[in-house]
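This report refers to the structure that appears directly beneath it.
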Amino acid sequence: MGSARRRRRLPTRAVAVTRDQVYGRRAVREGLRGRREVLELWATERAVKAEPWLSDVDRPRVQVKAERELTEAVGTRDHQGVVAWCEPYKYADAWELAASERPLLACLDQVTDPRNLGAVCRSAEGAGATGVVVPAHGSATITPAVARASAGAIEHLPVAVVPNLARYLAEVKSGDLWIYAAAGDADASMWDTDLSGGLAFVFGAEGKGLRPLVRRTCDAAVSIPLAGHVESLNVSVAAAVLLYEAARQRRRS
């Protein structure tokens with residue numbers, strides 16, 4: 001009998017492991033306290049000495065690295081000596097957020113700066129908001145820079161992405177959920193508006209403002225009274241002011 005024919009072994013493919021990068025001391029610390037599993041953690045010797053909580057981390061083990069290694073890994077020096085790799089961020093369901101009891105949402109229309117998105121998330125989490133909603137196109141979504149700017153708030157705050165913001169707002173608005181456009185030219189100010197019920201604020205990008213269709217979809221518009229010479233506030237500051245005013249009214253209702 002002839003020798004048995006050898007089977008050709010196909011080359012094995014490496015399984016791609018998807019991981020999210022998080023950097024910055026507060027962002028990583030909240031990542032360890034949040035819902036995602038932290039898979040790998042690097043820190044410089046200086047950071048370990050300055051941040052006692054790094055010495056208390058059991059899993060994963062902190063790997064002490066040179067600062068240049070962290071900079072090369074993240075592509076920026078803005079890491080504060082701490083970098084982690086986590087499970088991918090899991091976005092929330094925007095319709096479930098809107099269906100919550102007396103929801104408080106911050107919706108962003110074409111806000112592309114990751115620092116602004118991160119700052120809005122930080123304010124929203126602090127104000128006890130239900131979540132943040134952003135469109136899938138023409139808007140910043142969750143990235144390492146957003147996690148850093150949010151000081152880790154994204155690890156606790158639901159963030160949802162929708163295909164079309166105007167359509168989403170039209171579908172979820174109801175008697176239990178009012179949609180307010182944040183607009184400097186609005187006749188009604190936040191002092192004169194009842195913000196104690198279920199509501200969603202919609203904020204536009206600086207300079208451009210809200211797109212016409214998005215604004216027309218809103219039930220009403222509300223402004224922040226300004227006493228100085230400037231005509232508007234940064235979108236993240238405006239979001240903080242309105243969200244905290246809504247939170248204040250809710251506590252009193």
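All of the numbers you see were taken from the coordinates with simple rules; none came from a lab. The structure displayed is predicted, hence computed values, not measured ones. So basically every Cβ, Gly included, is an ideal-geometry build from the backbone, and we count neighbours across all protein chains shown.
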Please report how far the C-alpha centroid of the stretch 201-253 lies from that of the stretch 46-114, rounded to the nearest whole angstrom. 27
Express the relative contact order of the stretch 20-86 as a whole percentage, based on alpha carbon pairs under 8 Å and six or more residues apart in sequence. 54
Per the Debye formula with a single identical scatterer at each Cα and no solvent contribution, what log10 I(q)/I(0) holds for the stretch 10-141 at q = 0.14, 0.22 Å⁻¹? -0.78, -1.29
Quarter of Cα convex hull surface for the stretch 20-86, i.e. mean projection, nm²: 3.8
For the chain, what does -39500 (n - 2.57) per DSSP helix run (n ≥ 4), summed and divided by total residues, give at 222 nm, in deg cm²/dmol to the nearest 500? -9000 deg cm²/dmol
Potential lengthening between Leu39 and Ser189 on full extension [0.36 nm per residue; Cα-Cα distance subtracted]: 49.3 nm
Neighbour-limited loop hits for trypsin sites (Lys or Arg not before Pro), the stretch 93-150 (at most 16 other Cβ within 10 Å; DSSP other than H, G, I, E, B): none
Would you please state which residues of the stretch 167-200 a label at Ala227 would reach in this model, taking the label point 7 Å out along Cα→Cβ and a backbone N cut-off of under 19 Å? 189-193
Only loop residues by DSSP count here, and only those with at most 10 other Cβ atoms within 10 Å; note down the GluC sites (Glu not before Pro) in the stretch 50-120 that meet that. Glu101
Cα to Cα, under 19 Å, and not fewer than 8 places away if on the same chain: which aspartates and glutamates meet these conditions relative to Lys208? Asp109, Asp113, Asp185, Glu231
If the cut-off is a Cα-Cα distance under 20 Å, which aspartates and glutamates reach Lys65, setting aside same-chain residues fewer than 8 apart in sequence? Asp20, Glu40, Glu45, Glu51, Asp56, Asp78
